[in-house]
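The values are calculated or read from the model by the stated rules, or taken from the named source; none is laboratory data. Keep in mind it's a predicted model, so treat the numbers as computed, not measured. We place every Cβ from the backbone using ideal geometry, glycine too, and count neighbours over all the protein chains shown.
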There are 4 protein chains.
Amino acid sequence: MADNRIVVLTTGGTIDKVYFDDMSRFEVGETVVGKILREGGVTFDFEVVPLMRKDSLQLTDADRAAIRAAVQVREESRVIVTHGTDTMVDTARALADVPGKTIVMTGALSPARFQASDAVFNIGMAVAAVQACPPGVWIAMSGQVFPWDHVRKNRGRNRFERTDD
Amino acid sequence: MADNRIVVLTTGGTIDKVYFDDMSRFEVGETVVGKILREGGVTFDFEVVPLMRKDSLQLTDADRAAIRAAVQVREESRVIVTHGTDTMVDTARALADVPGKTIVMTGALSPARFQASDAVFNIGMAVAAVQACPPGVWIAMSGQVFPWDHVRKNRGRNRFERTDD
Amino acid sequence: MADNRIVVLTTGGTIDKVYFDDMSRFEVGETVVGKILREGGVTFDFEVVPLMRKDSLQLTDADRAAIRAAVQVREESRVIVTHGTDTMVDTARALADVPGKTIVMTGALSPARFQASDAVFNIGMAVAAVQACPPGVWIAMSGQVFPWDHVRKNRGRNRFERTDD
Amino acid sequence: MADNRIVVLTTGGTIDKVYFDDMSRFEVGETVVGKILREGGVTFDFEVVPLMRKDSLQLTDADRAAIRAAVQVREESRVIVTHGTDTMVDTARALADVPGKTIVMTGALSPARFQASDAVFNIGMAVAAVQACPPGVWIAMSGQVFPWDHVRKNRGRNRFERTDD
């Protein structure tokens, strides 16, 4: 039954960044989410769908429509979306009225390929939240699971914070 | 207010194992949970209480009474207990009737000091679950958040599984 | 030509230790040396020969004879032997009169599978030493390349030290 | 006596790169060489001198003169210089006629802060080479210790190779 499965749509962002020495710069690489889930020893059935590889500042309205369509087309009711942090809330807004699904967005402030990174921790949070939270869109970052419409990224402090309005 | 804080009681187990070359064996070492929370970039207020350093097979009834007392004495309503995996469910039972607290137990099948370990992932799950779950005792292992009375460790397969009774 | 190649004979020891949760103990696992050489980006031709998987305290005279025979039978003149630290010097003695080969022994005081380990560093030292040192038996540990007959393991301080006799 | 000590001059390059999420780019950060030496369990006396933090493509003639002066002013005869890979050979040339010192240059093709990096391996090679090699300038990269005037970086293949001229 599809309801036991979790699908992870990956869209890019810092979590999947790799370093290319010959260009002396970072780019979004192959996603590490599958490896993180396997090392986490998860026993549920899952599928990782590598949808796009973009910095979230580069995401267009068309990209957000594509992410939304990809969420809707899946029969699973539990969906994790990995995403760059800068516009994660914008994409959450685009997903807000998808009915009947628990959608948890997460990502990382430091690439998963670094020795010190919040990536594994955040994916762990997302996995628990996507099973425990009711339908709606949630953002799992900075040690908290926020309702999408009560959170923002504070770039200066490099963290996600609750907004009270 | 105490309800914004999370307390983590550590009792030992594989998650905190270290290796001593001069004795050619490993033992439970200083807990790594604080480091995991900091690398996870958590923004909530937390305290790590290093209660004991035991293999869970060595835990006695007196130890479980001490863990229970330590949980009850805290004013926080959200408590994470790290614990060895072999008798995690037994300690959960000892905590089952503590009223008014969400207690999430977790640990690891591979030491956190290993390059490949489920420790960070599991702590991430526990952090999300302790905020999202209602009062009661939960076990966050193997990619799932189980009610304590519907889970067992399958030693042969080295994983936690749901029980249906 | 064989002289461009490096062979690595693995015999066990702390460097290759893995943790088995179901037995709550460490044992020598599959060797990590090939992975370390690939991550080190080496461009020379090499072969890893997994000879045995023993704690060095368990090595017998017959084992040492087998290690010696395995070194002699190889046509490469540059040989790295990974080995447990407690009796590394004893095996070095058994290899001391193998003619015409540069043999570098190394290992680790902390398992390679740990996040903090001397394993990668020591293999890097061994690779440089096996190319730079004249024929004979050398021990690359604790940041130094020692002639085999001027070194001992100081168990109390958990390090290798030069002996002056 | 100064001859038992090793000095490490750090100049920047990929080995010390860090990632800044708020700028979506990485820069040369605080050097990791001291941490690598400590985790390697070295027992010799050493000093890390953080000379500059530059991509090697940005190094000027004045920078190279400063590196050369810093090498000459040290009383140690064994010097390791960490450096970006793109112009490592150019700086080696500037150091070639420093008399009476064994100078080993190294760096990394992947940042040391990555989980998969050649940094620790290369520092291990450099430590062995600086003790085993005669005076002169050497480059320890790609699993080999090259004389500085017989090596080049092959950018397309992202490796250092021997040149025969």
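Quick one: in segment A:114-126, which of the residues that are out of contact with any helix residue (DSSP H, G or I) (no Cβ under 6 Å at 6 or more places or on another chain) and crowded, with 24+ Cβ neighbours inside 10 Å is nearest to A:Phe26 (Cα to Cα)?
It comes out as A:Ser117.
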Only one residue in D:Arg64, D:Arg38 is more than 26 Å from A:Ile15 (Cα to Cα), without any contact (Cβ under 8 Å) to a residue 60 or more places away in the chain, in contact with a helix residue (DSSP H, G or I) (Cβ under 9 Å, 6 or more places away or on another chain) and not in a strand (DSSP E or B), so which one is that?
D:Arg64
What single numbered condition from (1) away from chain C (no Cβ under 14 Å); (2) modelled with pLDDT of 95 or more fails to hold for D:Arg38?
(1)
On the given criteria, is C:Thr85 closer than 23 Å to C:Arg155 by Cα, within 14 Å of chain D (Cβ to nearest Cβ) and touching a residue at least 12 places away in the same chain (Cβ under 8 Å)?
yes
Selected residue (criterion: farthest from C:Gly124 (Cα to Cα)) from residues of segment D:7-35 that are of a type in the set (Ser, Thr, Tyr) and assigned to a loop (DSSP other than H, G, I, E, B)
D:Ser24
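Loosely packed, with under 14 Cβ neighbours inside 10 Å, β-branched (Val, Ile, Thr) and farther than 30 Å from B:Val120 by Cα: which single residue out of C:Val73, C:Val137, C:Val104, C:Val49 fits that description?
C:Val73
Which of the residues spanning segment A:139-165 are touching a residue at least 40 places away in the same chain (Cβ under 8 Å) and farther than 15 Å from A:Ser110 by Cα?
The answer is A:Ile139, A:Val145, A:Trp148, A:Asp149, A:Val151, A:Arg152.
Residues are listed down the side, and each one gets a yes or a no for (1) within 13 Å of chain D (Cβ to nearest Cβ); (2) over 12 Å from the mean Cα position of the chain (by Cα); (3) within 22 Å of D:Gly143 (Cβ to Cβ):
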| position | (1), (2), (3) |
| --- | --- |
| C:Arg93 | no, yes, no |
| C:Ala108 | yes, no, yes |
| C:Arg113 | yes, yes, yes |
| C:Ala116 | yes, yes, no |
| C:Phe121 | yes, yes, yes |
| C:Ala126 | yes, no, yes |
| C:Gln131 | yes, yes, yes |
| C:Gly136 | yes, yes, yes |
| C:Ser142 | yes, yes, yes |
Give me the residue from segment B:118-147 that is hydrophobic (A, V, I, L, M, F, W, C) and touching a Lys or Arg at 6+ places or on another chain (Cβ under 7 Å) and, out of that set, nearest to B:Met88 (Cα to Cα).
B:Phe146
Could you please let me know if A:Gly12 is of a type in the set (Gly, Ala, Ser) and surrounded by fewer than 23 Cβ atoms within 10 Å (Cβ to Cβ)?
no
Mind checking which residues of segment C:67-80 are touching a Lys or Arg at 6+ places or on another chain (Cβ under 6 Å) and either of a type in the set (Val, Ile, Thr) or in a strand (DSSP E or B) (or both)?
C:Val79
Mind listing whichever residues of segment C:55-73 are under 14 Å from the mean Cα position of the chain (by Cα) and at pLDDT below 95?
C:Asp55, C:Ser56
Can you tell me how many residues within segment C:1-27 are under 23 Å from C:Val71 (Cβ atoms) and modelled with pLDDT under 90?
4
Strands (runs of 3 or more DSSP E) within segment D:81-149 that include 1 or more residues within 20 Å of D:Met52 (Cα to Cα)
D:102-106, D:136-141
B:Thr10: among the hydroxyl-bearing types (Ser, Thr, Tyr) and either more than 14 Å from the chain's Cα centre (by Cα) or within 14 Å of chain A (Cβ to nearest Cβ) (or both), yes or no?
no
Failed item, numbered, when B:Leu57 is tested on (1) free of Cβ contacts under 8 Å to residues at least 24 places away in the same chain; (2) farther than 30 Å from A:Ala112 by Cα:
(1)
Take the residues of segment D:144-163 that are more than 9 Å from chain C (Cβ to nearest Cβ) and within 22 Å of C:Ala140 (Cβ to Cβ): which is surrounded by the fewest Cβ atoms within 10 Å (Cβ to Cβ)?
D:Pro147
Test of understanding: among C:Leu95, C:Leu59, which residue is in contact with a helix residue (DSSP H, G or I) (Cβ under 8 Å, 6 or more places away or on another chain) and either surrounded by 24 or more Cβ atoms within 10 Å (Cβ to Cβ) or of a type in the set (Val, Ile, Thr) (or both)?
C:Leu59
